[in-house]
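Novice: Quick one: the structure is below, and I'll ask about it shortly.
The values are calculated or read from the model by the stated rules, or taken from the named source; none is laboratory data. A quick note: this is a predicted structure, and the numbers were derived from the prediction, not measured. Positions of Cβ are backbone-derived with ideal geometry, glycine not excepted, and every protein chain shown enters the neighbour counts. Calculation scope for accessible area: heavy atoms of the full protein, side chains included, ligands and nucleic acids excluded. Shrake-Rupley method; radii C 1.70, N 1.55, O 1.52, S 1.80 Å.
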Amino acid sequence: MITLTLLHPTSTQPIQSWTFDTTTTISIGRSTDNEVVLYSAVVSRHHLEIRYEDSHWQVVSLGTNGTYINGELISQKQAIDGMIIRLASSGPTIQIHLSPEALSLQRQFTPINQSRSASSTQHKKSSVEDIITNESSHD
């Protein structure tokens, strides 16, 4: 199991999480055909994919504005538990959590074409701008 957590833009507070049990490719971007949809002007329609390949998860950047890990622009990098990725240099941040069973049972994931199910702790799509606007209106 892999869990992706959208973090608040100015802190490490979790805003929304998505948990994937049986998929081997997770697409992230602005387009509604992604598993994780983020409405932010700096996020590409198909910004990145997290793929299960060769017994581990890979973060693969597809977006025009790039994907960053620890301030470094990446094209592809192996995912590790707790890793934080930033979409574009000033875009939303997502933390990757690999569950202990995912680490030990990764070889049992189903092929991409057989199952693409995801469960989300929140089912609505995220707008980073809406979250910032709503938070500042409550201050």
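Novice: Rounded to the nearest whole Å², what accessible area per residue is found for segment 1-91 with the 1.4 Å probe?
Specialist: That works out to 44 Å² for each residue.
Novice: With the crude spin-label approximation of a point 7 Å out along Cα→Cβ, what separation in nm comes out for H97 versus T19?
Specialist: Those two pseudo-labels are separated by 0.8 nm.
Novice: Let me ask you something else. Please report the carbon-and-sulfur percent of the accessible area for segment 22-93; probe 1.4 Å, protein heavy atoms only, DNA, RNA and ligands left out.
Specialist: Exposed carbon and sulfur together represent 43 percent of the surface.
Novice: Then there is this: With a 1.4 Å probe and all protein chains in place, put D21, D54 in order of accessible area, largest first.
Specialist: Largest accessible area first, the residues go D54, D21.
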